[in-house]
Structures are given as C-alpha cells and as structure tokens.
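The values are calculated or read from the model by the stated rules, or taken from the named source; none is laboratory data. Being a predicted model, the structure only gives us computed values, none of them experimental. Using ideal geometry, Cβ is built from the backbone for each residue, glycine included, and neighbour counts are taken over all protein chains shown. For accessibility, only protein heavy atoms count, side chains too; no ligands or nucleic acids. Shrake-Rupley method; radii C 1.70, N 1.55, O 1.52, S 1.80 Å.
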Amino acid sequence: AEFGHENRRSQAKGHRDENCQTRDRQGADRQRQRAVSDIRHRGGIPFGAEEELAQAEGYFEQAETLVQQGQADTQSPMTLCELRIQRGILARLRDDLDGARTAFERALKIDEAAFGPDHTNVARDISNLGLVLHAQSDLPGARKAFERAIKIWEAAHGTEHPQVAHGL
C-alpha cells in the first residue's frame, strides 16, 4: 500500500515539474513574442538601442562639421553627401521624420549640383525622400518623388533592371 502511495506522490511531483516547465516555456515564448512585436513596432530597433542611435547621431554631426570646416581627411562633396544620407537613415530609425527629410533634401541638393538632375545618385536621394514623405502621409509628394526616381533609373538602366523594379 505504501508503495502505491509513494508512486502517486512521485507521479504528482512529475506532473508538477512538467507543468512548471511548460509554464516556463510558455512564459519565455510570450516574452520572445513581445520582444519581436516591440522590435517590429519600433522599426527594427531593439531595446536599449536608442542610446546607441543618439550617440551615432552625435558622431555623424561631428564628422559633418569637420568636413564643412575643412578639417577632415577628405573634403569631397560626396563625403558630405554620404554623411547626410547616413544621418537621414539614422533619423528615420529614430522616428525623426523631419530630421530625415532635412538630411535627404540636403543630400539631394549636393548630388544634383555634383551630377545633374538625372543621375542615379539623385534617384537614390529622391527615393529616400519619397520614403520619408510616405511615412509623413504626404502621399502625393511621395508618389511624385518615386515616379521621378523610377524615371531616372529607367533612363540609366532600362526598364528591366532590378533597381527599377525595386523602385516600383
């Protein structure tokens, strides 16, 4: 009789252990789902990354200042343009759409002055600007930007090029 009693206690303990493990797994799964959902909601930025993005913004600002003051290793307008593009991308990641728009507009001015209005770098800048306009709910402005970028890419690469398809 005692053996049966011990056996039932052992089985009950086993069930409790299994239930605890199941709850632990479900809790961990819920935490992962919440984390993935949060990352998606925040544009792919994991917890704790805001500080690193703010620090990166400071570095880009310092680098841009050095280029503008002639203190950088290179004084190329393209260096300044690339910095502005990167600042625009960073601003977009931080949900600073006005900052992103300003950075992309400045990059566009540099590329238009350096290459003319129909260069593929100009199309890239216009496309970046279109993404920000779309995020700001300026759908007519975004459409105009995307159509201009696609027109430039089609003229440069033809209608079958992957860049043209990507722009669509």
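Specify which of the listed residues (132, 122) is in a helix (DSSP H, G or I) and farther than 28 Å from residue 55 by Cβ.
Unique residue meeting the criteria: 122.
Which residue, of 151, 109, is more than 21 Å from the chain's Cα centre (by Cα), among the charged types (D, E, K, R) and under 20 Å from residue 91 (Cα atoms)?
The unique qualifying residue is 109.
Look through region 112-147, keep the residues that are surrounded by fewer than 19 Cβ atoms within 10 Å (Cβ to Cβ) and of a type in the set (D, E, K, R), and return whichever of them is nearest to residue 81 (Cα to Cα).
Looking at the filtered set, the residue picked out is 112.
In region 59-74, what residues are of a type in the set (S, T, N, Q) and at pLDDT below 70?
Correct list: 71, 74.
Is one or more of the residues making up region 94-105 open to solvent by 50 Å² or more (accessible area, probe 1.4 Å), within 23 Å of the chain's Cα centre (by Cα), modelled with pLDDT under 90 and on the phi > 0 side of the Ramachandran plot?
yes
Go through region 81-92 and report how many residues are under 12 Å from residue 132 (Cβ atoms) and open to solvent by 30 Å² or more (accessible area, probe 1.4 Å).
Counting residues in region 81-92 that are under 12 Å from residue 132 (Cβ atoms) and open to solvent by 30 Å² or more (accessible area, probe 1.4 Å) gives 2.
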